[in-house]
Amino acid sequence: MTEGLSEAGLIAVVCEACGAPRTPIGPGDDAALVIAPPRGRQVVTTDALVEGVHFLRAHPPEALGWKALAVNLSDVAAMGARPSAFVLSAAVPEGLPAAWWG
């Protein structure tokens with residue numbers, strides 16, 4: 001389904017399929033500006049870090065957490081916004097020992 005589809009094309013397909021409302025800016029590869037009452041406008045972003053691509057299991061979880069925040073805070077800054085909160089999303093591989101988390 002996504003073969004030969006650019007990142008922008010994939011974003012358009014997903015937004016269309018979900019009936020995503022139009023946003024003043026984005027969504028794009030950095031972030032999207034959404035209208036979020038009562039505060040007005042909010043910048044929303046997320047980046048997945050994939051084991052073997054963006055980090056190795058040998059890296060400590062603290063370094064992974066730092067990198068996850070850094071890449072997303074960079075996206076917020078690229079939109080000219082200030083961070084107010086974050087959400088952590090983790091796809092944990094089967095067999096990862098609980099001790100890895102610290």
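With the requirement that a residue be of a type in the set (D, E, K, R) and touching a residue at least 40 places away in the same chain (Cβ under 8 Å), what does the stretch 47-93 give you?
Filtering the stretch 47-93 down to residues of a type in the set (D, E, K, R) leaves 47, 51, 57, 62, 67, 75, 82.
Listed by number, the residues that qualify are Glu51, Arg57, Glu62, Asp75.
Do we have Ser74 as surrounded by fewer than 11 Cβ atoms within 10 Å (Cβ to Cβ) and within 18 Å of the chain's Cα centre (by Cα) here? Step through it out loud before you land on a result.
On the way: surrounded by fewer than 11 Cβ atoms within 10 Å (Cβ to Cβ): no; within 18 Å of the chain's Cα centre (by Cα): yes.
No; evaluated as a whole, the condition is false for this residue.
When the stretch 33-56 is examined, which residues are found to be within 18 Å of Ala78 (Cβ to Cβ), out of contact with any strand residue (DSSP E or B) (no Cβ under 8 Å at 6 or more places or on another chain) and either loosely packed, with under 10 Cβ neighbours inside 10 Å or of a type in the set (A, V, I, L, M, F, W, C) (or both)?
Across the stretch 33-56, the qualifying residue is only Ala48.
For residues that are acidic (Asp, Glu) and part of a helix (DSSP H, G or I), scanning just the stretch 51-102, find the one that is farthest from Arg41 (Cα to Cα).
Let us first name the residues in the stretch 51-102 that are acidic (Asp, Glu), namely 51, 62, 75, 94.
If we keep only those that are part of a helix (DSSP H, G or I) as well, we get 62, 75.
Working: Glu62: 31, Asp75: 16 Å.
Checking each candidate, the answer is Glu62.
Okay, residues lined up against (1) assigned by TED's automatic domain parsing to the domain that holds Ala85; (2) modelled with pLDDT under 85; (3) closer than 30 Å to Trp101 by Cα:
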site: Leu5; (1), (2), (3): no, yes, no
site: Pro37; (1), (2), (3): no, yes, no
site: Arg57; (1), (2), (3): yes, yes, yes
site: Leu64; (1), (2), (3): yes, no, yes
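The values are calculated or read from the model by the stated rules, or taken from the named source; none is laboratory data. Just so it is clear, the structure is predicted and the values come from calculations on it, not from any experiment. Don't worry about glycine lacking a Cβ; one is built from the backbone with ideal geometry, like all the others, and counts go over all protein chains shown.
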